[in-house]
1. Taking the condition of being over 18 Å from TYR56 (Cβ atoms) and open to solvent by less than 40 Å² (accessible area, probe 1.4 Å), how many residues in the stretch 19-29 meet it?
2. Restricting the search to the stretch 53-65, which residues are out of contact with any strand residue (DSSP E or B) (no Cβ under 9 Å at 6 or more places or on another chain), open to solvent by 80 Å² or more (accessible area, probe 1.4 Å) and without any contact (Cβ under 8 Å) to a residue 40 or more places away in the chain?
3. If LEU61 satisfies all but one of (1) under 9 Å from the mean Cα position of the chain (by Cα); (2) assigned to a strand (DSSP E or B), what's the number of the condition it fails?
4. Just need a number here: residues in the stretch 1-25 that are in a loop (DSSP other than H, G, I, E, B) and touching a residue at least 12 places away in the same chain (Cβ under 8 Å).
Amino acid sequence: SVAAFSPDPPIADMIFPQIHFINHSQFADTWHWSFGDLNFSDAFSPTHIYADTGTYIVKLLSVSE
């Protein structure tokens, strides 16, 4: 599978801390997200709210079974 995603909006702030991650992965059956703040999701295109300001590295693992 090929993992790919885009954040919407690309940058969050304290007024709008929510980011929707749009999954563009191909040929995958399951998805494992790490939001960089010790929170995780197995949803296809999750939405995440960050509790604090900072820089977070988001990772997506897409798996073809």
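The values are calculated or read from the model by the stated rules, or taken from the named source; none is laboratory data. Keep in mind the model is a prediction, meaning the values are calculated, not measured. No Cβ is skipped: glycine too gets one built from the backbone with ideal geometry, and neighbour counts run over all protein chains shown. Heads up: the accessible areas ignore ligands, DNA and RNA and are worked out on the full protein's heavy atoms, side chains in. Shrake-Rupley method; radii C 1.70, N 1.55, O 1.52, S 1.80 Å.
1. Filtering the stretch 19-29 down to residues over 18 Å from TYR56 (Cβ atoms) leaves 24-29.
Restricting the remaining residues to those that are open to solvent by less than 40 Å² (accessible area, probe 1.4 Å) gives 25, 28.
Residues flagged as over 18 Å from TYR56 (Cβ atoms) and open to solvent by less than 40 Å² (accessible area, probe 1.4 Å) within the stretch 19-29 amount to 2.
2. THR55
3. The one condition LEU61 does not meet is (1).
4. So in the stretch 1-25, the residues in a loop (DSSP other than H, G, I, E, B) come out as 1, 3-4, 9-17, 24-25.
Then drop every residue that is not touching a residue at least 12 places away in the same chain (Cβ under 8 Å), which leaves 1, 3-4, 12-14, 17, 24-25.
Of the residues in the stretch 1-25, 9 are in a loop (DSSP other than H, G, I, E, B) and touching a residue at least 12 places away in the same chain (Cβ under 8 Å).
Each row is one residue, and each column tells you yes or no for (1) hydrophobic (A, V, I, L, M, F, W, C); (2) free of Cβ contacts under 8 Å to residues at least 24 places away in the same chain; (3) part of a strand (DSSP E or B).
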| residue | (1), (2), (3) |
| --- | --- |
| ALA28 | yes, no, no |
| GLY36 | no, yes, no |
| SER45 | no, no, no |
| ALA51 | yes, no, no |
